[in-house]
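These notes are about the structure you will find just below.
The values are calculated or read from the model by the stated rules, or taken from the named source; none is laboratory data. Note that the coordinates shown come from a computational prediction; the quantities given were computed from them, not determined experimentally. We place every Cβ from the backbone using ideal geometry, glycine too, and count neighbours over all the protein chains shown. Accessible surface areas use protein heavy atoms only, side chains included; no ligands, DNA or RNA. Shrake-Rupley method; radii C 1.70, N 1.55, O 1.52, S 1.80 Å.
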Amino acid sequence: MKQIKIEGGNILSGTIKISGAKNSAVALIPAALLSDEEVSIDNVPNISDIDVLSDIIMYLGGKVRRDNNFIKMSLGNLENKPIKKEFSSKLRASYYFMGALLGKYKHVDIYFPGGCSIGARPINLHLKGFQSLGATVLEKEDHYIISAKELIGSHIYLDVASVGATINIMLAAVKAKGETIIENAAKEPEIVNVATFLNNMGAKIKGAGTSEIRIMGVDYLGSCFSEVIPDRIEAGTYIIAGALMGDCLKIQNIIPEHIDSLIFKLKEVGCDLKVFNDYIEISKSNNMKAVDLKTLVYPGFPTDLQQPMTTLLTYCNGTSSVIETIYENRFKNIKYLNKMGANINIKGDEIFINGPTNLHGEEVVATDLRAGACLVLAGLAADGITTINDVDHILRGYENIIAKLTNVGAKIELIEI
Ligand code: EPU
C-alpha cells in the first residue's frame, strides 16, 4: 500500500510545468482505434489510467510504443474481443471503447466501466445515443453488448450536457452513414481536443466547443499526429497550491481561458495572481475573504476543482458556500478536512466553510482523485505532518505529483508500507 507524507508549512516557489489533460488523453487513446493506420499523440500524461488504456489497445492486437509523453499506436489488424472486468472496471474512461469499437466494428462487448465513487454516474445518455444511431443495447452479467447492422446518422438531444456522452456519440457517429447532430452537447475543451484529433484522422466534425455538434460520417480514418491540451484541472490544483503557500510560484504550459472561472474566483477571494499568455504567477495572500461558488458545466466552475478549492476556502475570512450540481457524492473530503481542523458543515448538495481555520497534520484518506488533491493541498498548508492513505486515486490523475511539488520546495514523499 502506498501513502503520501507531507510536512506542511513550506513556501512553494519556482516553476511547475503542467502535463497533458488526463480527461482528453483518456478519450484520445480509445478514439485512435477508429483509425486503420498509425496514430501518434504527444503530451500524453504518464499516469496509471493511460497504462490501462494502452493495455486494452494491446489486448485488442494494437501495437503501442510509448516514449515519455509520446505514444504511437498501430491499429491495422485488431481483433474485436470482449473487454474484460480486469480492464474496464479500473477506470471510467474505459467506456470510450464502446463508441470507438461500435463505430469501427458495429459491435462491442464490454464490462461495466469503473471510476471514482462520487455519485451514481449513469451512462443512459451514451446508450440512448447509440440506440438513436441504430444500435441495440443488451445488459448481460455486468457486460454491455452493443451491436448494429449499420449505424445511421441521427438527430440527438442530450438531456444533460454530458462530457462522456458527447464524446462517445461522436466516436460512434464518425463512420456512420449520413449526418449526426448532437444538441445540448458538452462544450469542455477536452471535447474540442477529441474532435480535432478525429478530424486530423479524416473525420468531418463541426461545432465542437459549442452546444451543437455536426458529424458527417466518412468511410475511412487514416493516420494522424495530435497533441493533448494542457490539463486545466492539474493547473487549477497547483494554482490553488500557490494561493495557499506560493512565493511567485509559476504555473506554466497552461491555456488561461480554460480556467477563467477559477481565475476570477481567486481574484474575488483576494489572491495575489498575475495571468500571462501561457503561465500564471501566484503568491500566498494573507487577507483572503469568503466567497460563494457553484459547480457548473464548462465554462462554469469545474466540479473537478471544487474539492481542491474547498481547502483554500478554509483559510478565507467568513463563511463560504459551495454548491455541487454535477455529482451527488463529492463531499467525502470534508470529513478529513474537518479532522485537520476545518469547520465545514454539509447540507445536502451545499457546504458551508467557516473560516479562517488553521489546519494541522492528521492521518487522512484519499477517497477519490480530487478529494486526494484537496488533501494534498491541505497537507502543504497545514502545521505538522499529514499522512494520506489510498493514494492510488491521486496517482491515477496527477503526473509526477511528488517530483513537481518537491522541485518547488514542498516536503512530500511517496512511501510503500
Ligand atoms: N449523466 C447522466 N447520464 C449520462 C451521463 C452523465 O445523467 O449518460 C450525468 C452525470 O451523472 C453527471 C453529469 O451528467 O451528473 C455530468 O457527467 P459527465 O458525463 O459530463 O461526466 P463524465 O463524462 O462521467 C467527465 C470526467 C470527470 C468530470 C466530468 C465533468 C472523464 C473520464 N471524466 O466525466 O472527471 O468530472 O466529465 O466535467 O473525462 C475527474 O477527472 O476527477 C473526473 C471525475
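Taking amide H as placed 1.01 Å from N in the peptide plane, the amide H of S154 sits under 5 Å from that of T180, I181, each at least 5 places away or on another chain. Amide H contacts for G246 (H built 1.01 Å from N in the peptide plane; partners 5 or more residues away or on another chain; cut-off under 5 Å): L12, K284. In a DSSP loop and with at most 13 other Cβ atoms within 10 Å, the chymotrypsin sites (Phe, Trp or Tyr not before Pro) in the stretch 153-253 are Y220. Over the chain, calculate the relative contact order: mean separation of alpha carbon pairs under 8 Å at least 6 apart, over the residue count, as a percent. Once divided by the residue count of the chain, the mean separation gives 21 percent.
Measuring against 23 Å, Cα to Cα, the residue pairs K84/K106; K17/K289; K90/K332; K22/K347 contain K17/K289; K22/K347 as the ones spanning a longer distance. Here the accessible area of the chain is 48 percent carbon and sulfur, with a 1.4 angstrom probe and all protein chains present. Averaging the Cα positions of each part gives two centres, and for the stretch 303-337 and the stretch 338-378 these lie 7 Å apart. Other residues lying with their Cβ under 13 Å from the Cβ of G379 contribute a combined charge of -2, Lys and Arg counting +1, Asp and Glu -1. Taking Cβ atoms as reference points and 14 Å as the exclusive limit, the residues near S162 contribute a net charge of 0, counting Lys and Arg as +1 and Asp and Glu as -1. Residues in the stretch 138-153 carry Karplus couplings, in order, of 10, 9, 9, 6, 6, 10, 9, 10, 10, 9, 8, 5, 8, 9, 10, x Hz; the curve used is 6.51 cos²θ - 1.76 cosθ + 1.60 with θ = phi - 60°, and Gly or Pro positions show x.
Our summary gives the stretch 205-293 a relative contact order of 26 percent, counting only alpha carbon pairs under 8 angstrom and 6 or more residues apart.
For the stretch 22-227, the normalised intensity computed at q = 0.14, 0.16 Å⁻¹ comes to -0.73, -0.98 (log10 of I(q)/I(0), Debye sum over alpha carbons, equal scatterers, no solvent). Pairs of Cα atoms nearer than 8 Å and 6+ residues apart set the relative contact order; for the stretch 322-417 it is 22 percent. Mind giving me the FRET efficiency for S211 and D42? R0 is 35 Å, r the Cβ-Cβ distance, nearest 0.05 is fine. According to the calculation, E is roughly 0.75.
Under 5 Å from the amide H of T367 lie the amide H atoms of G372, each residue being 5 or more positions distant or on a separate chain, with H modelled from the backbone and absent for Pro and chain starts. Scalar couplings 3J(HN,Hα) for the stretch 159-171, obtained by applying the Karplus form with A = 6.51, B = -1.76, C = 1.60 to θ = phi - 60°, are 4, 10, 6, 7, 4, x, 5, 4, 5, 4, 5, 4, 5 Hz; x denotes Gly and Pro.
Taking K and R as +1 and D and E as -1, what net charge do the other residues with C-beta under 14 Å from the C-beta of I282 add up to? The answer is +2. Largest accessible area first, the listed residues L359, L127 line up as L127, L359 when surface is computed with a 1.4 Å probe on the assembled protein chains. Computed from backbone phi, the HN-Hα couplings of the stretch 332-346 come to 5, 6, 5, 3, 7, 5, 5, 4, 7, x, 6, 10, 10, 10, 9 Hz, rounded to whole numbers (Karplus: 6.51 cos²θ - 1.76 cosθ + 1.60, θ = phi - 60°; Gly and Pro given as x). Within the chain, which is the longest segment containing none of the trypsin sites (Lys or Arg not before Pro) that sit in a DSSP loop and have at most 14 other Cβ atoms within 10 Å? In the chain, the maximal stretch lacking such sites is 150-417.
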